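What follows is one structure encoded as structure tokens, with my remarks underneath.
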Amino acid sequence: QVQLVESGGGLVQAGGSLRLSCAASARTLSTYSMGWFRQAPGKEREIVAAISWIGDNKYYADSVKGRFTISSNNAKTTAYLQMNSLKAEDTAVYYCAADRWGTVLAGTAVRYWGQGTQVTVSS
């Protein structure tokens, strides 16, 4: 069983930065790929970024390319999402998730989810 705990959300002004962390209960990234998703009020959940267990495969949604960076620690127990140049439309609850690469990218039937952390960007 994999447990994921997010942290690092908060309130920031537009143009600012935040770094989200997702701590896993095991060496998750040695086995699974991890992704960051977000869900804004009234909208469906969408994938933001993903990183494979090898660490050299990364995916970014078009809306965050050039602004967000996904990474992991060497121990492969924590994934990070560095968010720069934040915009009001980035406001959402952010979730980390873990599963196989294709499953994470598809965003459906992902087995492991964190509890979510709120990111609010004021304009």
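One table, with the values for the structure above:
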| item | result |
| --- | --- |
| Residues that are modelled with pLDDT of 95 or more, assigned to a loop (DSSP other than H, G, I, E, B) and of a type outside the set (Lys, Arg), drawn from the range 52-103 | Ala61, Asp62, Ser63, Val64, Gly66, Asn84, Ser85, Leu86, Thr91 |
| Residue count for the range 36-51, restricted to those that are modelled with pLDDT of 95 or more and either within 9 Å of the chain's Cα centre (by Cα) or outside any loop (DSSP other than H, G, I, E, B) (or both) | 9 |
| Residue match in the range 71-92 (condition: within 15 Å of the chain's Cα centre (by Cα), closer than 13 Å to Val104 by Cβ and not small (Gly, Ala, Ser)) | no |
| Considering residues of the range 9-26 that are open to solvent by less than 60 Å² (accessible area, probe 1.4 Å) and assigned to a strand (DSSP E or B) only, the residue modelled with the lowest pLDDT | Ala24 |
| Subset of the range 27-51 (residues that are over 24 Å from Gly10 (Cβ atoms), open to solvent by 10 Å² or more (accessible area, probe 1.4 Å) and touching a Phe, Trp or Tyr at 6+ places or on another chain (Cβ under 9 Å)) | Ser30, Thr31, Tyr32 |
| Gln3 at pLDDT below 95 and either farther than 20 Å from Val119 by Cα or under 16 Å from the mean Cα position of the chain (by Cα) (or both) | yes |
| Long-range neighbours under 8 Å by Cβ, at least six apart or interchain, first residue farther than 17 Å from Cys96 by Cβ within the range 54-70, second open to solvent by 70 Å² or more (accessible area, probe 1.4 Å) and among the polar types (S, T, N, Q) | none |
| Residue in the range 74-83 that is among the hydrophobic types (A, V, I, L, M, F, W, C), touching a residue at least 24 places away in the same chain (Cβ under 8 Å) and touching a Phe, Trp or Tyr at 6+ places or on another chain (Cβ under 7 Å) present | yes |
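The values are calculated or read from the model by the stated rules, or taken from the named source; none is laboratory data. None of these values were measured; they are calculated from a predicted model. Heads up, the Cβs are rebuilt from the backbone with ideal geometry, glycines too, and the neighbour counts pull from every protein chain shown. In case anyone asks, the SASA skips ligands and DNA or RNA and just uses the protein heavy atoms, side chains included. Shrake-Rupley method; radii C 1.70, N 1.55, O 1.52, S 1.80 Å.
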